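A.B. asks: I'd like to ask some things about the structure below.
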Amino acid sequence: MSQNDTLHLAQEFLGRMGKGAQPADIASLFSENMEFEIAGDTGALPWIGKKSGCPAITDFINDLSALTERISFEVQDILAGEKRAVILGSLATRVKRTGKIIRTDFAIVLTVANGQIVRFQMLEDSFAVSQAARG
């Protein structure tokens with residue numbers, strides 16, 4: 001893939017997420033055997049940890065909607081090469097169960113091959129996430 005193709009795929013992912021597209025529509029951007037990783041306290045929220053396969057992204061989207069409320073999600077930059085896009089930004093999210101707010105900068109690393117996302121990795125303040133989720 002070209003750098004522009006990778007950038008477009010990252011922008012399409014963000015656009016679908018931002019518009020609240022159906023999880024299946026978002027998952028169509030991903031490879032069936034995609035790898036998913038959000039490092040942190042694996043008992044705090046269901047999407048934290050390493051998973052594989054398209055259900056990982058649909059479960060993430062469904063759980064995110066059910067368990068949290070978006071306060072803000074701002075993208076500052078998208079860096080793209082032929083095989084990878086990195087989305088840099090900040091977010092604030094309220095955990096519905098505890099009412100606590102997570103405020104963190106983030107980096108989402110999308111690895112791409114053959115026109116699809118083959119790896120999703122999110123880096124954030126995992127301590128703040130754990131504290132807010134566990135109350």
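A.B. asks: Out of GLY40, GLY81, report the one residue that is on the phi > 0 side of the Ramachandran plot and more than 13 Å from the chain's Cα centre (by Cα).
C.D. replies: After applying the criteria, what remains is GLY40.
A.B. asks: Let me ask something else about it. Kindly provide the set of residues from region 115-135 that are part of a helix (DSSP H, G or I) and charged (D, E, K, R), ordered by number.
C.D. replies: Scanning region 115-135 gives a single hit, ARG134.
A.B. asks: For the structure I just gave you, tell me whether THR104 is of a type in the set (Ser, Thr, Tyr), in contact (Cβ under 8 Å) with a residue 12 or more places away in the chain and assigned to a loop (DSSP other than H, G, I, E, B).
C.D. replies: No: the conditions fail for THR104.
A.B. asks: Go through (1) open to solvent by 40 Å² or more (accessible area, probe 1.4 Å); (2) free of Cβ contacts under 8 Å to residues at least 60 places away in the same chain; (3) closer than 21 Å to ARG134 by Cα; (4) out of contact with any helix residue (DSSP H, G or I) (no Cβ under 6 Å at 6 or more places or on another chain) one by one and return the number of the condition GLU124 breaks.
C.D. replies: Single failed check for GLU124: (2).
A.B. asks: Turning to a different aspect of this structure: Would you confirm, using the coordinates I've provided, whether VAL75 is touching a residue at least 40 places away in the same chain (Cβ under 8 Å) and either aliphatic (A, V, I, L, M) or closer than 20 Å to SER31 by Cβ (or both)?
C.D. replies: yes
The values are calculated or read from the model by the stated rules, or taken from the named source; none is laboratory data. Only a predicted model underlies this, so the values are computations on that prediction, with no experimental measurement involved. Positions of Cβ are backbone-derived with ideal geometry, glycine not excepted, and every protein chain shown enters the neighbour counts. Ligands, DNA and RNA are excluded from the accessible area calculation, which covers all protein heavy atoms including side chains. Shrake-Rupley method; radii C 1.70, N 1.55, O 1.52, S 1.80 Å.
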